[in-house]
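Structure record follows, encoded as structure tokens.
The values are calculated or read from the model by the stated rules, or taken from the named source; none is laboratory data. Given the structure is predicted, the values throughout are model-derived calculations rather than measurements. A quick note on method: Cβ atoms are made from the backbone with ideal geometry, for glycine too, and the neighbour counts reach across all protein chains shown. SASA here: full protein model, heavy atoms, side chains in, ligands and nucleic acids out. Shrake-Rupley method; radii C 1.70, N 1.55, O 1.52, S 1.80 Å.
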Amino acid sequence: MPRAIISPSVLASDFGQLSAECKRMIKGGAEWLHMDVMDGHFVPNITMGAPVLSCVHKGVPGIFMDCHMMVAHPEKWVDDIADAGGSLYCFHIEATSNAVSLINAIHARNMKAGVAISPDTPSTAITDEIGAVADMLLVMTVYPGRGGQKFLERCVPKVAELRARFPEKDIEVDGGVGPKTIDVCADAGSNVIVAGTAIFNAPNPEDVITSLKTTVNTAQARFSK
């Protein structure tokens, strides 16, 4: 089984001190930083784009930017995100008609490729062919577009279905995840955990990161038996 990775969502950070906030998370034990890119089309909100990511990449040497592309035409932004220092490019399957071709384009720019599904999209939308070439699969547990939403437990069975088909794949959950909801996600098989307010607003973020990682590792140990 893949290892536990915690990816704090910078959507919950102080954007005025974005590089400092990312460094604070890395110091607290985060391996990835989850960068929510929204275009105002695929989702109604607008957040950040390649220029902001480029500044963070320069300001935080070695950062692994887990770029969640909530955009209407994900093919359009691969080069820009790669040039900005993106490490993983995760697009929504609802936004493209040729996921395999897009994954190949992402790999050609030396980024990992992720495929995301929204709450109303079945896990079967990620076919065996798509899942085999993707590096990560993302199950949204809230509707994409804004932070702070309530966790949708009805999405969790999709994690279990994907884990059954892809036992060695990184499977990420994003949306309303924190100490109170991590257990069901970990037990279903997710190993990459996105958490925003639960980490950034905590008095001791490192304690939350450690707790989330421990829960995932405990669940993973059960899977491997």
Just to confirm a number: summing +1 for Lys and Arg and -1 for Asp and Glu over residues other than Leu88 whose beta-carbon lies under 12 angstrom from that of Leu88, what do you get? -3
Setting aside same-chain residues fewer than 8 positions from Lys76, which lysines have a Cα under 25 Å from its Cα? Lys58, Lys112
Treat every Asp and Glu Cβ in the chain as -1 and every Lys and Arg Cβ as +1, leave all other atoms uncharged, and give the resulting dipole magnitude about the Cα centre to the nearest 20 debye. 480
To the nearest Å², the heavy-atom accessible area per residue of the chain with 1.4 Å probe amounts to 42
Straight-distance crosslink candidates among aspartates and glutamates, where the alpha carbon sits under 18 Å from Lys213 and sequence neighbours closer than 8 are dropped: Glu31, Asp66, Glu168, Asp170, Glu172, Asp174, Asp183, Asp187
Report in % the part of the accessible area of the chain that belongs to carbon and sulfur, leaving out ligands and nucleic acids; probe 1.4 Å. 53
To the nearest 20 debye, what charge dipole does segment 104-225 have about its Cα centre, counting +1 at the Cβ of each Lys and Arg and -1 at the Cβ of each Asp and Glu? 80
Estimated dipole of segment 1-58 in Debye, rounded to 20 [Cβ of Lys and Arg +1, of Asp and Glu -1, Cα centre]: 280
(1) 1.19; (2) 0.93; (3) 0.96: which one is Rg/Rh (Cα atoms, Kirkwood Rh) as calculated from this entry? (2)
I'd like to know which of Pro144, His41, Ala99 lies farthest towards the positive end of the charge dipole of the chain, counting +1 on Cβ of Lys and Arg and -1 on Cβ of Asp and Glu. Pro144
How big is the accessible area of Thr124 in square angstrom, nearest 10, if you roll a 1.4 angstrom probe over the protein chains? 90
If we count every other residue with Cβ under 13 angstrom of Phe15's Cβ, Lys/Arg +1 and Asp/Glu -1, where does the sum land? -3
Find which of Phe166, Leu18, Ile209 sits farthest along the positive direction of the dipole of the chain, computed with +1 on the beta-carbon of Lys and Arg, -1 on that of Asp and Glu, about the Cα centre. Ile209
Length-normalised contact order for the chain - Cα pairs under 8 Å, 6+ apart - percent: 22
HN-Hα couplings for segment 192-209 via Karplus (6.51, -1.76, 1.60; θ = phi - 60°), in whole Hz with x for Gly/Pro, come out as 10, 10, 9, 9, x, 4, 4, 9, 5, 8, 6, x, 10, x, 4, 5, 5, 4
